[in-house]
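First the structure, in the form of structure tokens, and then the observations on it.
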Amino acid sequence: MILLFVGPKGSGKDTQTQLLESSGFANISTGSLFRQEMQDNTELGMKSKQYYDAGKLVPDELVLEILKKHISKAEADDIVLNGVVRTLEQIKPTEEMLASIEKKIDKVIYFNLSDEEAVKRLANRWTCPVCNTVYHTLFDPPKVAGVCDKDGAALLQRADDKPDAVKMRLSEDRTKTGPVVDHYREIGILHEIDGSKSIEEVASELHELIKVFKEQQ
Ligand SMILES: [Zn+2]
């Protein structure tokens, strides 16, 4: 069974992917596959690195080649595709690539996140300018407010982590993934999960969903 995870940064889909990986799913996350390919200096990795180093987006064809390689050699029958389809334009080529190795997306899980929760999760991050340790004022605060535990430096908030930037990014994400979500809803394989819930709640909801999916197969 192949699950496709869709959702914004902070929605918990990366955490849930890792949890499913520890229960036997193959984890196909675009970002980490790239890092792996580049680390291993493979031909695909070196090609990708040229784009990275030039600050350009890696072209979709190259992304698909890397995905195809890793999905083909995945040992598990159950696979999570995380961050693989982000725009409407990527749906068709991704499905064609899967069809070429006799696979298909069985279900799509959309991790929805409210603005309020996104800001709570992402806009409370403060970074040490000296050692780059990241703190979260609610979930992982430093011992003394505003000061790094390790070296006493004053913590800074990165431009990306400021509330307005977080809201802007979430709204951009919604604009891009909205049509993807609509597409899969129309063809009847979309399941929406409230990403504002706790890790444990979402994990058990997913567990139940997967059980139902397997019974349907
Ligand atoms: Zn520090």
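Each reported figure results from applying straightforward, stated rules to the coordinates on display, with no laboratory input. Please read these numbers as outputs of a predicted model, since none were measured by experiment. A quick note on method: Cβ atoms are made from the backbone with ideal geometry, for glycine too, and the neighbour counts reach across all protein chains shown.
Taking the helices alone, the chain has a mean residue ellipticity at 222 nm of -15500 deg cm²/dmol, built from -39,500 (n - 2.57) per DSSP H run of at least 4 residues and averaged over all its residues. Note: region 40-148, Cα convex hull, 191 Å³ per residue.
In straight-distance terms, cross-link reach from K107 covers every one of the aspartates and glutamates whose alpha-carbon lies under 15 Å from its own, apart from those fewer than eight places away in the same chain; here that gives D77, D78, E95, D182, E186, E192, E205, E208, E215. Note on E192 and K49: the extension gain reaches 48.0 nm, defined as 0.36 nm multiplied by sequence separation minus the Cα-Cα distance.
Mean separation of Cα pairs under 8 Å and 6 or more residues apart, divided by the residue count, gives the chain a relative contact order of 27 percent. For the chain, modelled as a GNM whose springs connect Cα atoms under 10 angstrom apart, the maximal fluctuation among A153, A54, A203 occurs at A54.
Please compute the net charge surrounding I189, taking Lys and Arg as +1 and Asp and Glu as -1 over other residues with Cβ under 11 Å from its Cβ. Charge balance near I189 sits at +1. Think of the chain as a dipole: +1 on every Lys or Arg Cβ, -1 on every Asp or Glu Cβ, centred on the Cα centre; then among F139, I210, H70, F139 lies furthest on the positive end. For region 160-195, backbone nitrogen atoms closer than 16 Å to the point 7 Å from D140 Cα along Cα-to-C-beta are found at 161.
Calculation over all alpha carbon pairs of region 1-87 in 10 angstrom steps from 0 returns a P(r) of 16, 48, 32, 4 percent. Panel note: the C-alpha atoms of the chain, placed on their principal axes, show extents of 55, 40, 32 Å (largest first). Taking Lys and Arg as +1 and Asp and Glu as -1, the other residues whose beta-carbon sits under 15 Å from that of V212 total -3.
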